[in-house]
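Taking it in order: structure first as structure tokens, then the write-up.
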Amino acid sequence: MMMKKKLNFKNKEIFDHQSDFTGGKKRVFTAFKEGKRTTAFRGLNICEYLKGSKYFVIQFRLRGQPTKLRRFSLGRFDNNLDVVTGETKFGTKQCQERLFNIVKEHQDEYGKWIKDPNQTIVFKKVNKMITIRKLIIEFAKKGFQKMQTAECLTGNSIRDKVRHLFGYNHRVRHLEYDNHENGDGYARFKENKRNNKPAPKDWEELFKWYPAGKFILKDHQFNRNGIKSIYDDELSKINIEDLRSKLITNYIQQYNSHSARYDVIECFRSLWHFAISEGYMEADERINPTYHVPNKKGRPVPNKFKLKIFSDDEFKLLLQVCDELSSRFPWQSDAIVLQALTGLRRQECFKLKWKEHIDWKREQIVLGAGITKPGREEFIHMNEPIKTCLRNILKIKDRHFTYNKGGASKQRSFRNYPLAYAKHLPWVFCTTQVTPGKLMDPEFRKSSKTRLRSDKHCWDEIKTQMKIKLKIPMGDEYLCTSKMLRKTFTHKCKMAFDGRSDISKRFTRHKDERILEGLYDGSTKAEDKANAQKLGKVLDFVKKRAV
């Protein structure tokens, strides 16, 4: 067997060497003579490609993985002289300097490879010092990505992040938030009519108009406690790799609630993960400092809405009140009815479109992955009550919207205009708060500004009417909110299927039966009382004592 030729570690010999490419080889590795040199040169080769380019390549095996051969390129051989220094641009001297630095970091004292330089270079190729302040701008440019995936946060989640990252400032008045069709959220620039300022072109211009530490909101309504965002605080001047748990702990002291401090810690955690994924520091630089930030939670407050549902009589009365309020609150009252009949979440319901999601032929509501909470496609089969509700919604477009606002004042505001503009909108639930002049713009009609965004006012009136019909004093507490709709629907599903959660979860669209039973399957006081009487018959062990 013929031994492969080995080269001397000299520029001239490397330059004159020509590899044998017989057999259809695209590249050939040629080793160097070790001689009296150290073990750092063990595995060093010159790799020549068919077109003539040559590279210094080190071949190695990690400790504990002897069967897997790895390669790492030190650089391309360039025998030309540098005009300034007069030395070879990249030859044996430059290769030796780079090799020693890599060996020092990736080998142990016995010359065994313990780290793969290919993994190190992934994070060092863009590695540079960056402050938290600049990192926040880069995080915004990338679209507010999630920590573990390349997906972006939803519009509401971006709003929460922005509040702590660079909010409590006039710059947020140029932002509005929405979601794409695939579910990814984004921030859109808009003009600030209050200050008569146009919309910024990009993030760089926004932060140029509102530099750090200036234009902080100080009014009682928007910044009651005088909070400074991370961007406006002095903390953002340090580099991200210098962030410590003590600095985060000192910063979150300005927040009073546990949930607000938790959200701020999550913002720092997102920035840390983003810095690693973008190559601003190594993955094994240090343990994430947010994991050691103490955030003690106070005594838990009882949740009065937990497992609270409507009784059968209250549920029928709710649907009756919604029907009575349909002329005053078009689309809002019908959205509440559809949620009660299908178990839809509020935001899922508001994002429905006639063509994309309502399939009359197959008699089902198709929920795309972009609008569902779990991010997967789901289906709701139409029964007769659901069909009746959808037909009622179709008739709204042929009606007029009349609203008069009463109150203590004698003055009342009247609005009376047709709702025929909804025929040109894609949404199932449109809004009455539209600008007539913009309805001629096709992009505006397709945007989320023409769909329903809230049903709060309708719920306030429903609660008032329910109290009147149930003869409950206005000053007394009565639980009647949208949180109870989905729980009531879950309870009715379990009763319809004899308490079987495995069947009910197909209609409630819960991923896990444990969540369905633990957080959604509530009961009324009348049901609990009736069940207690049944239990008393089984536990009839106590005998009455004689006097």
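Things worth noting here:
- Which of His292, Phe222, Ala212, positive extreme of dipole for the chain (C-beta unit charges): His292
- About its Cα centre, the dipole of the stretch 153-205 is roughly 400 debye, where the only charges are +1 on Lys and Arg Cβ and -1 on Asp and Glu Cβ.
- Signed unit charges on C-beta, dipole axis of the chain, positive-most listed residue Leu425, Gly91, Trp272: Trp272
- Sequence-ordered 3J(HN,Hα) estimates for the stretch 484-499 from the Karplus curve with 6.51, -1.76 and 1.60 and θ = phi - 60° stand at 7, 5, 5, 5, 5, 4, 4, 5, 5, 5, 5, 5, 5, 10, 6, x Hz, glycine and proline given as x.
- The angle between the Cα long axis of helix 92-106 and the longest principal axis of the Cα atoms of the chain comes to about 50 degrees, rounded to the nearest 10.
- Hz values of 3J(HN,Hα) by residue in the stretch 538-545 - Karplus curve (6.51, -1.76, 1.60), Gly and Pro given as x: 6, 9, 7, 10, 7, 9, 6, 7
- Length available on full extension from Gln254 to Arg500: 0.36 nm per residue minus the Cα-Cα distance, which gives 83.7 nm.
- The stretch 492-538: C-alpha gyration tensor shape, a/c 1.5 cut-off, then a/b vs b/c: prolate
- Rounded to the nearest 10 degrees, the angle from helix 312-324 to the longest Cα principal axis of the chain is 90 degrees.
- Between amide H atoms placed 1.01 Å from N, distances below 5 Å from Asn45 occur with Val57, Ile58, Gln59, all of them 5 or more places distant or on a separate chain.
- The chain, relative contact order in percent, only Cα pairs under 8 angstrom and at least six apart counted: 9
- Nonlocal amide H pairs with Leu175, under 5 Å, H built at 1.01 Å: Lys190
- Put a dot 7 Å past the Cα of Lys115, heading toward its Cβ, do the same for Lys93, and the two dots end up 2.8 nm apart.
- Since only Leu394, Val337, Ser447 are under comparison, the one whose Cα sits farthest along the positive direction of the charge dipole of the stretch 330-454, derived from C-beta charges on Lys, Arg, Asp and Glu, is Ser447.
- Its Cα centre serving as origin, the stretch 132-292 has a Cβ charge dipole (Lys and Arg +1, Asp and Glu -1) of approximately 820 debye.
- FRET efficiency, 1/(1 + (r/R0)^6) with R0 25 Å, evaluated for Glu204 and Arg376 via beta carbons: 0.10
- Sparsely packed GluC sites (Glu not before Pro) within the stretch 412-498, loop by DSSP, other Cβ within 10 Å at most 14: Glu477
- Of (i) 63, 31, 27; (ii) 39, 25, 23; (iii) 50, 29, 21, the label for semi-axes √(5λ) of the Cα gyration tensor in Å derived from the coordinates: (i)
- Total formal charge among the other residues, if their Cβ is under 14 angstrom from that of Arg500, Lys/Arg +1 and Asp/Glu -1: -1
- Under-5 Å amide H pairs with Asn169, H placed in peptide plane, nonlocal only: Leu217
- Taking the Cα centre of the stretch 330-454 as origin and assigning +1 to Lys and Arg Cβ atoms and -1 to Asp and Glu Cβ atoms, the resulting dipole is close to 500 debye.
Bear in mind that the values in this text are calculations on the coordinates, not laboratory data. A quick note: this is a predicted structure, and the numbers were derived from the prediction, not measured. Neighbour counts run over all protein chains shown; Cβ positions are idealised from the backbone, glycine included.
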